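Quick notes on the structure that follows.
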Amino acid sequence: MAIKISGVTVINNDAQLGAGLSSAYDTISIGSTATITNRELYYITGAGSSITLPASPNPGNEVVVVNGGAFTDAWVLRNGSNIMGLAEDLNLDIEYASINFIYVGISSGWVIT
């Protein structure tokens, strides 16, 4: 199977990216705090890390956060938007877990897929 954009193959069966593309996401390693933007992947590399979600997301915005180790004190800060309909930050305390967030609107905010 191949993925095409405007008739141009972007990813083929060998999972290769087309010319000019380096990754589907920007990968940023951190150990303290960072504010994430749309279509970024954050890889947590140290204890006590916190990731802040975008302040003014639009429906369809998507971000991924990965707990890259045995860190039980990593936090995803909601930055004013709900997470799964709740006005609470998320403690990402599952070792090696990856969470995909998609913003769907004001009520639900960021949903986890």
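Here, each number is a calculation from the coordinates, and none is a lab measurement. Every value quoted in this text rests on a predicted model; they were computed, and no experiment measured them. Quick reminder, even Gly has a Cβ in these numbers, built from the backbone with ideal geometry, and neighbours come from all protein chains shown.
Using 1/(1 + (r/R0)^6) with R0 = 35 angstrom and r between the beta carbons of Arg39 and Ala87, what's the FRET efficiency to the nearest 0.05?
0.90
From the phi of every residue in segment 77-85, what ³J(HN,Hα) in whole Hz does the Karplus formula 6.51 cos²θ - 1.76 cosθ + 1.60 yield, where θ is phi - 60° and glycine or proline is x?
Coupling constants for segment 77-85: 8, 6, 6, x, 9, 5, 10, 6, x Hz.
Please list, in order along segment 86-95, the HN-Hα scalar couplings obtained from phi with the Karplus expression 6.51 cos²θ - 1.76 cosθ + 1.60 (θ = phi - 60°), rounded to whole Hz, x for Gly and Pro.
Each residue's phi maps through the Karplus curve to give 10, 8, 9, 6, 10, 8, 8, 9, 9, 4 Hz.
Once fully extended, how much extra length lies between Glu95 and Asp73, figured as 0.36 nm per residue of separation less the alpha-carbon to alpha-carbon distance?
On the way: separation 22, 0.36 × 22 = 7.92 nm, distance 1.02 nm.
In short, 6.9 nm is gained.
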